[in-house]
């Protein structure tokens, strides 16, 4: 089987790579240092059609395929995983569930907002006592006439304090556990919506993460996404797509870290020659390269499966598991290759190593990915 990118996909790679090198890479270290949301960069990504890239043109998107969307995140994350995270969340966790499960009215209203309208999206599932086990969520939505009244809070929400449109999961029938969860489209302007704690994280400092609080929040009845009681199914299906985005982010981190290590070892002379000439260093690069090639195949296979298969749970979990663990291995090796320099903020591998860790945790830990994979193949 030959995996050959189309002309359009190659053009997407070149466009995003050029943009990343010119606009994102020069400010990546400062974004990490200040923890400031890169608003100007995201605004430009909207103009380039990267935000909402896979949304059909009729709803304001670029109409690109899922593999192109993954390639864009991969390229951005080589230089700034924070920006890659913002894009992945917006595209995979907000635009995608509305496109997949929304009514025609919801799609016509919200997707143009999330593309041409430059409104940022988010996904709200995790709660203080409901991480991997979503059935333990306590946020509720009670129907009262023509609207729902939502109460509760969500934590670790990517794009949290900048998001305008959020896909939120709440209990409409707590007695039914996961079968009592429903999904909603919530705007940050709705009465009763507020932003709580801004998280200070180990990495991804430019990606805005926050607590979201609902205090008698009024959500119009027509903003129910899908039907009542099917929110858990929507969440799991959405996370399948989201995991492909995280795999792309992690793969980009690994590629970026390997390139930084290659550049350094070619110029760093010890014992009379560049350290890239030592066999030990060369073997490490060989292992990195093989891992990246394998990760790319898993990522691209999962992206194609998303476009062609009704269910792509295993492909997404395989890509996310492999690429996230690869990112940690490669960034750790890169820091080691740079020695003391790698441990300083003068070189980006230190930041890349911190950024890589979360890819093994969010949208399903590595342990959860192994549960998903084994559960499906042993079924």
Exercise. Can you tell me the Rg and the Dmax, both Å, for the Cα atoms in region 260-352?
Worked result: 16.6, 58
Problem set entry | Rel. contact order, % - alpha carbon contacts under 8 angstrom, at least six apart, region 232-377 | 33
Exercise. When only Cα pairs under 8 Å and 6 or more residues apart are kept, what is the percent relative contact order across the chain?
Worked result: 16
For this session: Using only the alpha-carbon atoms of region 35-79, report the extent along each of the three principal axes, biggest first, to the nearest angstrom.
Result: 35, 19, 13
Seminar exercise, completed: By the Kirkwood definition, with r running over pairs of different Cα atoms, region 158-242 has a hydrodynamic radius in Å of 14.0
Exercise. Counting alpha carbon pairs within less than 8 Å and at least 6 residues apart, what relative contact order, in whole percent, applies to region 7-113?
Worked result: 28
Problem set entry | Rg over Rh [alpha-carbon atoms, Kirkwood Rh] for the chain | 0.99
Problem set entry | Equivalent ellipsoid dimensions for region 311-364 as semi-axes, Å, which come from the Cα gyration tensor, largest first | 28, 10, 6
For this session: Assign one of three labels to region 1-142, namely rounded, prolate or oblate, based on the Cα gyration tensor with a ≥ b ≥ c the square roots of its eigenvalues; rounded applies when a/c is under 1.5, prolate when it is not and a/b is larger than b/c, and oblate otherwise.
Result: oblate
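Read-outs: derived from the displayed coordinates by stated rules, not from any lab. As the structure is a computational prediction, the values presented were derived from the model and not from experiment.
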